[in-house]
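The values are calculated or read from the model by the stated rules, or taken from the named source; none is laboratory data. Just so we're clear, the structure is a prediction, and the values are computed from it rather than from any experiment. In this analysis, Cβ positions are derived from the backbone assuming ideal geometry, glycine residues included, and neighbour counts consider all displayed protein chains. The area values use the complete protein model at the heavy-atom level, side chains included, leaving out ligands, DNA and RNA. Shrake-Rupley method; radii C 1.70, N 1.55, O 1.52, S 1.80 Å.
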Amino acid sequence: MNKQELLQIKKFLAVFEVNVLDITPEITRRAMEYVESYALSDSMRLADALIAATAVENGKVLCTANGKHYKCIADLQMHVFRVV
């Protein structure tokens, strides 16, 4: 990522008033459970586990263009969109 891309992301977050959620001990615990459960079977990586755990712990719907990363997590509400 370069400075221009970072600036665009910051503008997007500001325009849409995106709420940034902190990583809590509960999110960390759940993310580690996901990694332990799905790393071998579904290639779950820590970053994706943290994203999913944050959504689940906060009762949010995860919007993603890559639903296959999260399909193994039954308690995750997800909206998959397509980038055109």
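Among the residues of the range 52-84, what is the count of those that are of a type in the set (S, T, N, Q) and surrounded by 15 or more Cβ atoms within 10 Å (Cβ to Cβ)?
Result for the range 52-84: 2.
Listed here are the residues, each with its yes/no results for (1) in contact with a strand residue (DSSP E or B) (Cβ under 6 Å, 6 or more places away or on another chain); (2) of a type in the set (Val, Ile, Thr); (3) modelled with pLDDT of 95 or more.
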residue: 13; (1), (2), (3): no, no, no
residue: 18; (1), (2), (3): no, yes, no
residue: 32; (1), (2), (3): no, no, yes
residue: 49; (1), (2), (3): no, no, yes
residue: 65; (1), (2), (3): no, no, no
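Find the residue count for the range 11-20, including only residues that are closer than 24 Å to residue 59 by Cα and part of a helix (DSSP H, G or I). Please lay out each step first, then the result.
Just the residues of the range 11-20 that are closer than 24 Å to residue 59 by Cα, to begin with: 12-20.
Okay, now just the ones that are also part of a helix (DSSP H, G or I), so 12-15.
Of the residues in the range 11-20, 4 are closer than 24 Å to residue 59 by Cα and part of a helix (DSSP H, G or I).
Provide a single number: the residues in the range 1-25 that are among the hydrophobic types (A, V, I, L, M, F, W, C), open to solvent by 80 Å² or more (accessible area, probe 1.4 Å) and within 19 Å of residue 66 (Cβ to Cβ).
Residues flagged as among the hydrophobic types (A, V, I, L, M, F, W, C), open to solvent by 80 Å² or more (accessible area, probe 1.4 Å) and within 19 Å of residue 66 (Cβ to Cβ) within the range 1-25 amount to 2.
Pairs needed: first member in the range 26-51, surrounded by fewer than 18 Cβ atoms within 10 Å (Cβ to Cβ); second member anywhere, among the acidic types (Asp, Glu); C-beta distance under 6 Å; at least 6 residues apart or different chains.
Cβ pairs passing all conditions: 26/57.
Take the range 52-68 and flag every residue that is part of a helix (DSSP H, G or I) and touching a Ser or Thr at 6+ places or on another chain (Cβ under 8 Å).
Of everything in the range 52-68, those that are part of a helix (DSSP H, G or I) and touching a Ser or Thr at 6+ places or on another chain (Cβ under 8 Å) turn out to be 53, 57.
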